[in-house]
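For reference, the structure discussed in these notes is given below.
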Amino acid sequence: MAETPPVPRRPSGELEASVLAALWAAEGPLSAAEVQRALGGQLARTTITTILTRLHDKGTVSRSRAGRGFAYSPIQDSAGLTARRMRSELDKQDDRTTALARFVSQLTSEDERLLRGLLAEAETETEAETETEGGASEGTRHGPGDPPCDRP
C-alpha cells in the first residue's frame with residue numbers, strides 16, 4: 001500500500017488573510033458559510049468559524065447575531081490593519097528609537113519621501129488644529145503639571 005505524501009502546511013497567517021480578503025470584498029457582513037463559499041468551498045466550515053473567532057478575539061473583525069450564528073465584518077481595511085499591526089509590533093519594543101531607526105533605514109527612497117511628506121502633512125494639520133482651538137503658540141504651550149500662564 002502506497003503512502004500518501006503529507007499535505008504541506010500553509011504559511012502562517014495565510015488562512016486569516018484569505019478570510020479577511022473575502023470579508024473586504026463583500027458588500028456587507030458574511031456568515032461562516034458565506035465566507036466558505038467565497039473562498040471556493042475547499043475549507044471546512046468549522047475551520048472558517050475557528051478563523052473568524054480568532055480574528056474576532058484579536059479585534060480584527062466585528063460580529064453580530066445572524067440567526068443561530070454570527071455575521072462578520074472587517075473593522076478596518078487592509079491599509080488600516082497593516083498600520084495597526086505595525087503599531088502593535090512597535091509597542092512590543094523596549095527600545096522604540098532603535099526599532100524606528102531600523103525601520104526607516106530599510107525604506108526605499110520613494111517610501112522615505114512618502115513618509116516625510118506624510119509627517120509634514122500631519123504636523124501642519126496639528127498646528128492648524130491648535131490654532132483653530134484657540135491654542136497657545138509654540139512659546140506658550142504647557143504640558144501636564146505646568147503652572148498656568150498669565151499671558152494672553
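Quick note: the coordinates plus some simple rules give every number you see, no bench work behind them. Nothing here was measured: the structure is a model prediction, and the numbers come from that model. We place every Cβ from the backbone using ideal geometry, glycine too, and count neighbours over all the protein chains shown.
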Dipole of the stretch 24-131, positive end: most advanced residue of L119, L43, A26 [Cβ charges, Cα centre]: L43
Charge dipole (the stretch 65-106, unit charges on Cβ, about Cα centre) - positive-most of T98, A66, M86: A66
10 Å binning of all Cα-Cα separations within the stretch 61-122, expressed as whole percents from 0 upward: 18, 33, 26, 13, 10, 0
